[in-house]
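This report refers to the structure that appears directly beneath it.
The values are calculated or read from the model by the stated rules, or taken from the named source; none is laboratory data. This structure is a prediction, so every number in the text was calculated from the model and none was measured. Note: ideal-geometry Cβ built from the backbone for every residue, glycine included; neighbour counts use all protein chains shown.
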Amino acid sequence: DAKTTQPPSMDCAEGRAANLPCNHSTISGNEYVYWYRQIHSQGPQYIIHGLKNNETNEMASLIITEDRKSSTLILPHATLRDTAVYYCIVGMEYGNKLVFGAGTILRVKS
Amino acid sequence: EPEVTQTPSHQVTQMGQEVILRCVPISNHLYFYWYRQILGQKVEFLVSFYNNEISEKSEIFDDQFSVERPDGSNFTLKIRSTKLEDSAMYFCASSDPVTNTEAFFGQGTRLTVV
C-alpha cells in the first residue's frame, strides 16, 4: 500500500551526482515526502524530508515539483558507501508509521 | 551521536517458543516503533507506541505479539509461540516530535525460528 513509485534500480559513477526520482501523485496537502536509505541489511537511515519547498542538508538535496506529485533526491557527489536501497515515503510529520515500498537500489560504481 | 540500541543482534529459537526482543530508544524520544523485514522483502510496520500505549498496529501485529515499556528506558517486543514465518530482521525505531520528525532505527535483531 505504498503511495510512491520508484525505479527498481539505478547506477551512478563515483563522484557524480545521483538523482533518484519518485512519483507520489496521490500525496495529500499535509503529507510530507521522506527519504530513507538502507545499506545492506542495516536499519533504515533518515536522509531528508520536505513538504513543498526544496530542502538541503549535509547528506542530500530534495527537489519537490510545484504540484508536489513527484520529487528527486540528489546525492551531489556519490561515493561507494552510498550504495544502498533508497526509499521515498509520504506521510504525516509526527509520530506516524512509515510505509516502505521496494525502493530504488542505487549502485555507485568506481 | 545518540542511537537506538537493539539486543540481541541475532536470536535463534525453536518453533513454539517465546522470544523477547529488546530495544533502548534514544532517551528523550516519545514515539517508539517496531518494524520487521523478512529476507528479500520490504520493511513492514508492526506497531507504534506513545504515551505508554499502542497508538497504531498493523494486521501483522496480532495476538501473538505484544509490546511493553517496562522501565522507562527499554522497549520490548514479545513474540509468543513463534512460527517459522516469524523469521526476519526486527527493527526498533524512535522519534521525537519536539526536536525533529525523523525516525531513528536500530541495527536490528535477526530472529531465526527453527
Practice task
Say whether the condition of being surrounded by fewer than 20 Cβ atoms within 10 Å (Cβ to Cβ) and within 12 Å of another protein chain (Cβ to nearest Cβ) is met by at least one residue in region A:68-88.
Solution key: no
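This table checks each residue for (1) modelled with pLDDT of 95 or more; (2) over 20 Å from A:GLN45 (Cβ atoms).
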| site | (1), (2) |
| --- | --- |
| B:GLN64 | yes, yes |
| B:ASP71 | no, yes |
| B:SER87 | yes, yes |
| B:THR101 | no, no |
Problem - Count - residues of region B:58-70 that are within 14 Å of chain A (Cβ to nearest Cβ) and more than 19 Å from B:GLY106 (Cβ to Cβ) - result: 1
Exercise for the section: Mind listing just one residue for me: the one in region A:1-46 that is more than 24 Å from B:MET89 (Cβ to Cβ) and among the hydroxyl-bearing types (Ser, Thr, Tyr) and, of those, surrounded by the most Cβ atoms within 10 Å (Cβ to Cβ)? Expected result: A:TYR32
Completion exercise
Within region A:23-55, residues of a type in the set (A, V, I, L, M, F, W, C), closer than 30 Å to B:THR109 by Cα and either in contact (Cβ under 8 Å) with a residue 40 or more places away in the chain or more than 14 Å from chain B (Cβ to nearest Cβ) (or both) come out as A:VAL33, A:TRP35, A:ILE39
Problem - Residue check, B:GLN6 at pLDDT 95 or above, at the interface with another protein chain (Cβ under 10 Å from one of its Cβ atoms), in a loop (DSSP other than H, G, I, E, B) and at negative phi - result: no
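Can you tell me which residue within region A:92-110, out of those that are in contact (Cβ under 8 Å) with a residue 60 or more places away in the chain and at the interface with chain B (Cβ under 10 Å from one of its Cβ atoms), is nearest to A:GLN6 (Cα to Cα)?
The residue in question is A:GLY103.
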Completion exercise
Of the residues in region B:91-114 that are in a strand (DSSP E or B) and more than 10 Å from chain A (Cβ to nearest Cβ), the one that is nearest to B:THR7 (Cα to Cα) is B:THR109
Fill in the blank from the handout: Given (1) touching a strand residue (DSSP E or B) at 6+ places or on another chain (Cβ under 6 Å); (2) more than 9 Å from chain A (Cβ to nearest Cβ), B:TYR33 misses just (2)
Problem - Residue among B:SER48, B:SER27, B:SER73 that alone is within 11 Å of another protein chain (Cβ to nearest Cβ) and either in contact (Cβ under 8 Å) with a residue 40 or more places away in the chain or hydroxyl-bearing (Ser, Thr, Tyr) (or both) - result: B:SER48
Completion exercise
Here the qualifying pairs (Cβ atoms under 8 Å; residues six or more apart or on different chains; first in region A:56-79 and within 16 Å of A:ALA18 (Cβ to Cβ); second at pLDDT below 95 and among the aromatic types (Phe, Trp, Tyr)) come out as none
Handout entry: Residue among B:GLU85, B:GLU44, B:GLU59 that alone is at negative phi and assigned to a helix (DSSP H, G or I)
Key = B:GLU85
